[in-house]
Amino acid sequence: MKVFASALLGYRVWTVRDQQLYPVWFDSSPWQPGENHSICCFHAHTESITGCQCGFYAYHSLTRAAFARATSPRNHPVVIGAVAGRGSSQIYHHGWRALEAQVIALYRYQPEADEVSSRYRVPLFTSDQELEQSVYPEVCLAPSSLIPSLVCR
């Protein structure tokens, strides 16, 4: 599998419907195998996500994604995976948002993950340690110096 060069590593949660990965909290289009390019639903832009809410979101840590999975709606099976993001990006305390993204690995929480990993042509791991160790050589975590502190008011 060809992975983006100079990509950010992130983790996210999807629901599985018809062997496709859908965002958990928004009923939008499914992620596609390979490269995904953000299309803004509110503005006519395709090059930058600055000043908008569009793009692909991911968490910095698998732990944070697992927490999101635990608190997500259960209308469909839910899986966690690793993603690579690139292009115009915004880095936040718990994660990032990027103009382009691709699924690079899945974690087998549900039996449906077997069929999905085959459709998306990505490896499937049965432990979080295997997943984390397998994706680090391909992409990099956001540097801690770029992650803003959490500000409580």
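The values are calculated or read from the model by the stated rules, or taken from the named source; none is laboratory data. Quantities reported herein were computed from a predicted structural model and do not represent experimental measurements. All Cβ positions, glycine included, derive from the backbone under ideal geometry; neighbour counts span all protein chains shown.
Descriptive notes on the structure:
- Residue match in the range 41-51 (condition: surrounded by 15 or more Cβ atoms within 10 Å (Cβ to Cβ), closer than 16 Å to Ala142 by Cα and either modelled with pLDDT under 85 or within 12 Å of the chain's Cα centre (by Cα) (or both)): no
- Where a residue in the range 116-130 is on the phi > 0 side of the Ramachandran plot and its partner, wherever it lies, is part of a loop (DSSP other than H, G, I, E, B) and not acidic (Asp, Glu), with Cβ under 8 Å and at least six apart: Arg121/Met1; Arg121/Pro33; Arg121/Gly34
- Looking only at the range 1-38, and only at residues there that are among the polar types (S, T, N, Q) and over 14 Å from Pro77 (Cβ atoms), the one that is modelled with the highest pLDDT: Gln32
- Applying the condition of being of a type in the set (D, E, K, R), crowded, with 16+ Cβ neighbours inside 10 Å and at pLDDT 85 or above to the range 94-118 and asking which residue is nearest to Ala84 (Cα to Cα) yields Glu100.
- The residues in the range 10-30 that are in contact (Cβ under 8 Å) with a residue 60 or more places away in the chain and farther than 10 Å from Val116 by Cβ can be counted, and the count is 5.
- Sole exception among (1) more than 16 Å from the chain's Cα centre (by Cα); (2) at pLDDT 80 or above; (3) not polar (S, T, N, Q) for Arg74, by number: (2)
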